[in-house]
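Below is one structure, written out as structure tokens; comments come after it.
Each value in this text was obtained by applying a stated rule to the coordinates, not by laboratory testing. Being a predicted model, the structure only gives us computed values, none of them experimental. Please note: Cβ atoms are built from the backbone with ideal geometry, for glycine as well, and neighbour counts cover all protein chains shown.
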Amino acid sequence: MVEPTLRVFPDAGALAHAAADLICAEVRAKPEAVLLVATGNTPMPTYAELARRAAAGEADFGRVTAVQLDEYVGVPEDDPRSLWGWMERAFVRPLGITRTVRLSDPATFDAELRALGGIDLAVLGLGPNGHLGFNEPPSNPGAPTRRVTLTPASLESNRAYWGDLPVPQDALTAGMPVILGARRALLLVSGEHKREILRRTLTEPPTPEVPASFLQRTPLTVLADAAAAP
Ligand code: F6R
């Protein structure tokens with residue numbers, strides 16, 4: 001097993017800068033890289049830094065393919081809760097990306113990824129309950145791309161994103177083999193509230209109760225701010 005690399009930064013801004021450096025290095029080395037991309041709050045400063053670099057002509061994402069990690073069921077893309085909408089506003093459009101793989105049908109999604117040769121780099125957040133994408137606990141490493149019902153813990157943490165709008169109960173998620181099969185993964189973690197789950201993710205034997213813990217078996221770089229560092 002390869003030891004995950006853990007890098008700790010004084011704050012979320014420094015973390016975002018380092019994450020953007022790693023993503024840009026990947027794309028420089030392979031301009032047609034296939035990137036699996038989380039939404040959520042944690043990666044937003046990283047995506048803003050990537051957008052700044054793209055606008056300044058310091059980075060070119062024109063040949064990159066961006067792959068959606070998860071989506072709510074029954075939420076149209078112009079709904080403020082749509083994760084595709086969020087990904088488009090925060091990542092796809094500002095970086096000038098034209099090639100995308102959306103998650104709307106699990107079989108089509110997996111076939112498209114196979115045709116692309118899999119994921120080069122996964123940019124991931126860590127659920128407060130250890131979920132990865134919407135692979136909720138318990139999820140084993142073979143859990144496929146599928147429809148899931150969100151746990152009460154995820155419904156609660158997702159409530160913070162859209163004020164008074166109800167949180168959808170069901171979602172689609174890229175399966176564990178898609179995520180764990182990425183040639184490289186970055187796990188971005190910030191905030192004190194993630195410290196204990198990050199400790200479990202990195203130091204306890206991999207368990208379905210903490211789906212992110214299976215990342216220990218993959219080429220993983222964890223970027224954490226000081227508040228989240230175990
Ligand atoms: C979102 C996703 C989720 C989030 C996780 C952390 O596309 O896949 O697994 O990465 O819930 O969310 P934040 O970053 O908001 O704490």
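Percent of Cα-Cα pairs more than 20 Å apart in the range 148-230, please.
Values: 1522 of 3403 pairs.
Pairs farther apart than 20 Å: 45 percent.
If the elastic network links every pair of Cα atoms under 10 Å, which of 160, 33, 212 fluctuates the most in the Gaussian network model of the chain?
160
Of 175, 85, 57, which has the largest mean-square fluctuation in a 10 Å C-alpha GNM of the chain?
57
Please give the length that would be gained between residue 3 and residue 77 if that part of the chain were fully extended, namely 0.36 nm times their separation in residues minus their C-alpha to C-alpha distance (nm, one decimal).
On the way: separation 74, 0.36 × 74 = 26.64 nm, distance 3.88 nm.
That works out to 22.8 nm of additional length.
Sort 65, 108, 39 so the one with the fewest other Cβ atoms within 10 Å of its own Cβ comes first. Intermediate values should be presented prior to the final figure.
On the way: 65 20, 108 13, 39 23.
Fewest-to-most Cβ neighbours within 10 Å comes out as 108, 65, 39.
Can you sort 11, 164, 110 so the residue with the fewest Cβ neighbours within 10 Å comes first?
Details: 11 12, 164 5, 110 17.
Least to most surrounded, the residues fall as 164, 11, 110.
How much net charge surrounds residue 163 when only the other residues with a Cβ under 15 Å from the Cβ of residue 163 are counted, with Lys and Arg +1 and Asp and Glu -1?
Details: positive: 81, 159; negative: 79, 156, 164.
Charge balance near residue 163 sits at -1.
Return 194, 30 ranked ascending by Cβ neighbour count within 10 Å, so the fewest neighbours appear first. Please list the in-between numbers first.
Values: 194 23, 30 14.
Ranking 194, 30 by Cβ neighbours within 10 Å, fewest first, gives 30, 194.
Roughly how many nanometres apart are two label points built 7 Å out from the Cα toward the Cβ at residue 183 and residue 165?
Modelled inter-label distance: 3.6 nm.
Restricting to DSSP H runs of at least four residues, report the calculated mean residue ellipticity at 222 nm for the chain, -39500 (n - 2.57) per run over all residues, nearest 500 deg cm²/dmol.
Working: 7 runs with 68 residues, N = 230.
About -8500 deg cm²/dmol.
By what distance, in whole Å, do the Cα atoms of the chain stretch along each of the three principal axes, largest value first?
42, 38, 37
Between residue 52 and residue 200, what is the label-point separation in nm under the 7 Å Cα-to-beta-carbon projection?
Distance between label points: 3.5 nm.
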